[in-house]
Amino acid sequence: MSQKNNSLYELSTQLQRINDTLIDEQGILDETLEAEIDRLLPAIAEKAGNIGRWIRNIDGNIEAVESEITRLKKRKEVNGHLQDRLKAYLKDSMEKAGMDKIDTGIMVLAIQRNPPSVELVDEAAIPASYKDIIPEQYVISKKRILEALKAGEEVKGAVLMQGTHLRLR
């Protein structure tokens, strides 16, 4: 049977069988085993070489994909910055014109209020009751401060902020 039609697994199994036979025969190599080895080794080398070339080809594909990922990430970042600048430009223009909403027929552009958030103006002035202890370190709980400020309480060192954003629907 032609060795080229066998898989690398089948060829290596045949070679392992020869190795086991040699061990059983205390290393005595007869002409039959020698002929079988002479048939197997070139076929194994050819199959292994083909797999090696395939692996190299895959390496090239991986590099090409990684390069494309890098290019697309950069493109995404650039587009994100452009989108942010255009939104800011449109929002600013609408605010200057005193327009809260524009219906274009295709989409509605509206300036909406953001959820309230906390801006810390003086972290040192924040009362201890609003600080969380994380292993030997204080972390200010903006969530608790936000709840207190929304409830009308005064929290020294913090103010309630509410900005706006542009929504495209």
(request) Provide the per residue accessible area, probe 1.4 Å, for the chain, rounded to a whole number of square angstrom. (result) 78
(request) Could you go through the range 149-156 in sequence order and give the Karplus-derived ³J(HN,Hα) for each residue, using 6.51 cos²θ - 1.76 cosθ + 1.60 with θ = phi - 60°, rounded to whole Hz, and x for Gly and Pro? (result) 5, 5, 7, x, 6, 9, 10, 4
(request) Pull out a ≥ b ≥ c, the square roots of the eigenvalues of the alpha-carbon gyration tensor of the range 29-169, then state rounded if a/c is under 1.5, prolate if not and a/b is larger than b/c, and oblate in the remaining case. (result) oblate
(request) For the range 29-43, take each phi angle, set θ = phi - 60°, evaluate the Karplus expression 6.51 cos²θ - 1.76 cosθ + 1.60, and give the result in whole Hz per residue in order, putting x for glycine and proline. (result) 9, 8, 4, 5, 5, 4, 5, 5, 4, 4, 7, 6, 4, x, 5
(request) Please identify every one of the GluC sites (Glu not before Pro) in the range 39-82 that sits in a loop by DSSP and has no more than 13 other beta carbons within 10 Å of its own beta carbon. (result) none
(message) Is the C-alpha gyration tensor of the range 59-121 telling us rounded, prolate or oblate? Criteria: a/c under 1.5 is rounded; beyond that, a/b larger than b/c is prolate, otherwise oblate.
(response) prolate
(message) Probe radius 1.4 Å, ligands and nucleic acids ignored: give me the carbon and sulfur share of the accessible area of the chain as a rounded percent.
(response) 55
(message) Using a 1.4 Å probe on the protein heavy atoms only, what accessible surface does L86 show? Give it in Å² to the nearest 10.
(response) 100
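The values are calculated or read from the model by the stated rules, or taken from the named source; none is laboratory data. Source: prediction; values computed, not measured. Cβ: placed from backbone, ideal geometry, glycine included. Neighbour counts: every protein chain shown. Areas reflect the complete protein model, heavy atoms only, side chains present, ligands, DNA and RNA absent. Shrake-Rupley method; radii C 1.70, N 1.55, O 1.52, S 1.80 Å.
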